[in-house]
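Some notes on the structure that comes next.
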Protein chains: 2
Amino acid sequence: MKQSKLLIPTKKENPSDAEALSHIMMERAGYIYQISAGVWAYLPLAYRVIRKVKGIIQEEMEKAGAYEMETPSMLPADLWRQTGRYEAYGDTLYKFKDHNDREYILGPTDEEAMTEILRDSVKSYKKLPLVVYQITDKFRNEPRPRYGVLRGKEFSMLDAYSFAADEEGLDEAYQAQAKAYHNIFDRAGLHYKVILADSGTIGGDNSQEFSAPAEIGEDVIVYTDGGYAANLEKATAKFDAVQQTAEPGKLEKKATPGAHTVDEACASLGVDQGQMIKSMLYMAKMGEDDYQPVMVLMRGNDEVNETKVENALDCEELELASEEDTVKYLGAHPGSLGPVGVGEDVKILADNYVKVLVNMACGANDDGHHYVNANIDRDFRVDQFGDFRNVQEGEIAPDGYPIKFTNGIEIGHIFKLGTGYSKKLGAQVLDKNGRLVDMIMGCYGIGVTRMLSAVAEQNADENGLVWPDSIAPFDVHVIPVNAKKDEQMAMANELEQQLTAAGYEVLVDDRKERAGVKFADSDLIGIPLRVTVGKKAADGIVEVKIRKTGETLEVKQEELVNTVGILLKQLDKQTSND
Amino acid sequence: MKQSKLLIPTKKENPSDAEALSHIMMERAGYIYQISAGVWAYLPLAYRVIRKVKGIIQEEMEKAGAYEMETPSMLPADLWRQTGRYEAYGDTLYKFKDHNDREYILGPTDEEAMTEILRDSVKSYKKLPLVVYQITDKFRNEPRPRYGVLRGKEFSMLDAYSFAADEEGLDEAYQAQAKAYHNIFDRAGLHYKVILADSGTIGGDNSQEFSAPAEIGEDVIVYTDGGYAANLEKATAKFDAVQQTAEPGKLEKKATPGAHTVDEACASLGVDQGQMIKSMLYMAKMGEDDYQPVMVLMRGNDEVNETKVENALDCEELELASEEDTVKYLGAHPGSLGPVGVGEDVKILADNYVKVLVNMACGANDDGHHYVNANIDRDFRVDQFGDFRNVQEGEIAPDGYPIKFTNGIEIGHIFKLGTGYSKKLGAQVLDKNGRLVDMIMGCYGIGVTRMLSAVAEQNADENGLVWPDSIAPFDVHVIPVNAKKDEQMAMANELEQQLTAAGYEVLVDDRKERAGVKFADSDLIGIPLRVTVGKKAADGIVEVKIRKTGETLEVKQEELVNTVGILLKQLDKQTSND
């Protein structure tokens, strides 16, 4: 294919509003164009990448026994009302009406429509399990679109849905999907962690999140070299502290004027953060109009993990108390809060690491004052101990390996959904015994356009994009240094023919641009191999450059096809070993 | 592929609301599911057909030098305001807002976004011509969706756009697209007519409509065996009448009580329709608040072609006069109108076929009365003669062949757009002389999901769908008569392997259903060849049935692959010769 015929508007300058490397390089390399904040067009190079990703997905889905279909983007609001998600999604949904005032939404996901279709199409367990999928645009009224196509308002997603008459059928589909996800991400050259969520009662996991480590990732992933991976919200570490044995000192109230933070209070008192108690007041929503004030105690250098606190309280919602509530319950402002003298109306939770401390410092519930030598039971009460903190890097994970942190981009998620949607939409089948049972569902999703961001983020360098060959827009970029020279263009065309005949996709830069411009554009675009046709063309010699490593080698024309094959195979192996 | 794994909800009964054969059969065969009026899901079989149609389009577009990309469905309303189409499309657009009250529409077509992208991406004639295309969902707030997926609110469309710096570049792209369209429709097995529109000033046509003859088609196509094709609005025929020579009789007013139609008036007067003048009063909008009453005279058996009248008047709009206006200008109600005595304030147009008549009958502008022996000039004035009528079947077309009528489904349209959008959106490039010039555009569209309706409409029979092999969901439908019999299933699996290895797509009906159900479903689904594995399987013999013709033949297993190849080739030839 000739570069002059393709719309590839490369840019020399970074887009002014771009923060992420993937965004910068995809825009500079002429892959994407922003139509409106968070709304993107995919130009021909990006579309070739998308097509390849889709191709991989289609192959792996079919292997997993899932078959492609397509539901519309516009979905009846009433259908979403039946499952309560019209309200639950709220402003995240784009809403509009037709001529007859029928209300529609643009689908952000598709459990409703798929369940309705299956409900009306399948009446007997004999036709189950069935797995269907689609790769369609989804819509989300995203208040803060950012990072290019990573978080946009309209994006391409693979969503698959399994329907079974029993748990075995569900598990079979779930396992097949899990395997397909590994294959898809492996083939696309992505590095990723698999985060298992809540273990189901029937054994095995019921949800797996696939997350691609990347600096701009919006989730913190806790992982180890032993294979442990969890979201920070759920990660746990081995408890590693011993009971302190110092003699309890005398509780003393000290003035700490101007000390509002843990750091400032420690400095003011000359106390180590490990002996300072951070006291946070929360309001826990226990039910309709039923709020319980909760104080959480933590070492000064630890962070509260609100998910763990929520789970311990089994509350509907947990919110930091307002300044008003803080003064009301504790008589002081944040910065000087502590457990000493707190009434029974406030529940006090303390992290396990607090339990072993003796002679702690803490706020005195008197603005500008702290206590030293506070001790549990003697000076304050704790209603419940537990693991309420975020794990920290270097701690030991449940698998015995030291914990590492990375940011991650969520690229896929598989779920055992159960019967929630089936119940709400009446999707039942007759079972073996002739009884009506709810279909048991699973749902599975991959962000397709998001995958492009993740791959770009993991592979791009300061010169541009670097694509794994499996999803690169082309395999080989042939560059005649001077397209005005007939013999160079003739050789470039010949190479294109030879490589194409051998099954490779070739882009020929036939533009009459300076060599420097062409090379810079080639690096930006990021095709795995570049073949330069220059002065040695007369001797039948071209230069091959590997985009990823920058290595170059001179190759005789008659050996080029062979060399390209070997190099691409090597690159593929490196990718899978990375 | 095994039928038990695919969602194919066939139905025995016709859907109650379906009028079109294509709709009935696509729904009964489990291809489509209606989510909401005019909003459809494409189930796995339909999706396979769509994928093949897309594949053909992609191949032909690439051959034509057009490259795929994708713009979003949600488009900024402001962009559409810049071209005036936000107002022009009015209620046809679906409109909604995001979190920040930014207004969006769902794109029904995409000139605006494409022009904007090219404007920002290309600055010099050196990068032109460029042709881009996309196959995406389009949206139209269709007040009367009907005929299944033929006219829906959301549909898949190919739209291509060419950008050139000069007329030659435009013409080159236009011709390449025209050729691609022929290839696409030919390969998909569609019968179609090509309707040329207005000849451009630079020679050659500037618009071609591709229309598939079908009973449910919403356009009337006028065509001949000589290759002439036109919409009824534009079709012309050779003038074929001679001047009547009778002596002018005496103008007489006669009572025609209760005669409101041409038929009734002719009967009342004992006059032939060919001598009766039909007089229609229109209001022609010549400008803002400027309406001109116009009477159009026509033989009683002819029909007014309002497009021709509009063109003759060069008016903005033409509407039948209200009863109020009719009484105001003519003093009578429709049914008794005529040209005799009409004042200068009403312009009178007459069809050429009126000019040759002598002693006509016509309304007397007096309710319940007609004149006989009315003659031009003597009794009434005509301001302008011309071709103002619809052609009729059997008349002679400009190419010398007799005219035929058929209904047609518009499946494609190519246009030389010119610079309208470029001007409005400021899409300019520097030309060879360093001057800024507007990009010259072409636009090209095919209704992808609509093609399914058209193909189904042209090929389905009373038993179900009949797909051309090129876009059929599978090539061969293998049916073990009794899936409970191991030897039949074993042979079916073996045939699947052999045929798949030979490159054919095979669906195996492994369901434990009665043979009658399976055969009926197979006819409904419409795969070109059915291979039945029955009693003679023990002797290594299967039956092959050609879906289109119903012919059957017995084939030895070892000859099956070969036979399938021959039969599919024959079918393909028949399709292209049809």
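Quick note: the coordinates plus some simple rules give every number you see, no bench work behind them. Treat the numbers as computed from the prediction; the structure is a model and nothing was measured. All Cβ positions, glycine included, derive from the backbone under ideal geometry; neighbour counts span all protein chains shown.
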task = State, to one decimal in nm and shortest first, how far the label point of residue B:394 sits from each corresponding label point in the other identical copies (label point: 7 angstrom along Cα-to-Cβ).
result = 10.0
request  = Please list A:489-497, B:281-289, A:26-34 highest first by mean number of surrounding beta-carbon atoms within 10 Å per residue.
outcome  = A:26-34, A:489-497, B:281-289
request  = Answer rounded, prolate or oblate for region B:289-391, using the Cα gyration tensor with square roots of eigenvalues a ≥ b ≥ c: rounded when a/c is under 1.5, else prolate when a/b is larger than b/c, else oblate.
outcome  = oblate
key: Set A:484/B:126; B:193/B:569; A:12/A:484; B:250/B:355; A:234/A:328; B:5/B:535 screened for pairs whose C-alpha atoms are more than 21 Å apart   = B:193/B:569; A:12/A:484; A:234/A:328; B:5/B:535
key: Shielding by other protein chains, B:149-156, mean Cβ within 10 Å   = 2
query = Listing B:519, A:185 from the residue with the fewest other Cβ atoms within 10 Å to the one with the most, what is the order?
reply = B:519, A:185
ask   = Just how large is the dipole of chain A about the Cα centre, in debye to the nearest 20, putting +1 at every Lys and Arg Cβ and -1 at every Asp and Glu Cβ?
value = 1800 debye
request  = Taking H placed 1.01 Å from N in the peptide plane, check which residues at least 5 places from residue B:505 or on another chain put their amide H under 5 Å from its amide H.
outcome  = B:475, B:476
inquiry  = Sequence gap at least 6, Cα distance under 8 Å: using those rules, report the relative contact order of region A:103-202 to the nearest whole percent.
reply    = 25 percent
task = Equivalent ellipsoid semi-axes for region A:474-577, as square roots of 5 times the alpha carbon gyration tensor eigenvalues: give them largest first, rounded to whole Å.
result = 21, 15, 12
ask   = What order, most packed first, do the peptides B:132-145, A:552-565 have when packing is the mean number of other Cβ atoms within 10 Å of each residue?
value = B:132-145, A:552-565
Radius of gyration and maximum dimension Dmax of chain A, Cα, Å = 29.6, 93
query = What percent do you get for the relative contact order of region B:313-383 when only Cα pairs under 8 Å and 6+ apart count?
reply = 32 percent
ask   = Per-residue mean of other chain beta-carbon atoms within 10 angstrom of the beta-carbon, peptide B:100-113?
value = 2
Per-residue HN-Hα couplings for region B:124-132 [Karplus 6.51, -1.76, 1.60; θ = phi - 60°; Hz; x = Gly/Pro] = 9, 4, 4, 8, 10, x, 10, 10, 10
request  = Using the 7 Å Cα-to-Cβ label point, sort the distances from residue B:287 to its equivalents in the other copies shortest first and give them in nm to one decimal.
outcome  = 7.7
query = P(r) tail for the protein assembly as shown, what percent of Cα pairs lie past 42 Å?
reply = 56 percent
inquiry  = Between region A:70-108 and region A:457-515, how far is it from one alpha carbon centroid to the other, in angstrom?
reply    = 46 Å
request  = Per DSSP H run of n ≥ 4, the term is -39500 (n - 2.57); total these for the protein assembly as shown, divide by its residue number, and report the mean residue ellipticity at 222 nm rounded to 500 deg cm²/dmol.
outcome  = -8500 deg cm²/dmol
request  = For residue B:20, list long-range residues whose amide hydrogen, built 1.01 Å from N in the peptide plane, is under 5 Å from its own amide hydrogen.
outcome  = B:147
Whole-percent pair-distance distribution, where bins are 10 Å wide, for the alpha carbons of region B:229-281 = 17, 35, 32, 15, 2
note = For region A:234-318, the Debye formula with one identical point scatterer on each Cα and no solvent gives log10 I(q)/I(0) at q = 0.17, 0.19, 0.23 Å⁻¹ as -0.91, -1.02, -1.15
Amide H contacts of residue A:407 (H built 1.01 Å from N, under 5 Å, at least 5 apart or other chain) = A:214, A:221
ask   = When ranked by the protection proxy of mean other Cβ atoms within 10 Å per residue, highest first, what sequence do the peptides B:118-125, B:206-213 form?
value = B:206-213, B:118-125
query = If you put a point 7 Å past Cα along the Cβ direction, how far is that point for residue B:91 from the same point in each other copy, in nm, smallest first?
reply = 3.1
ask   = Does region B:6-158 come out rounded, prolate or oblate, given a ≥ b ≥ c as the square roots of the eigenvalues of its C-alpha gyration tensor, rounded meaning a/c under 1.5 and, failing that, prolate meaning a/b above b/c?
value = oblate
ask   = Do you know the relative contact order of chain A, to the nearest whole percent, from alpha carbon pairs under 8 angstrom that are 6+ apart?
value = 17 percent
request  = Determine the shielding of peptide A:426-435 by partner chains: average, over its residues, the number of Cβ atoms on other chains within 10 angstrom of each Cβ.
outcome  = 0
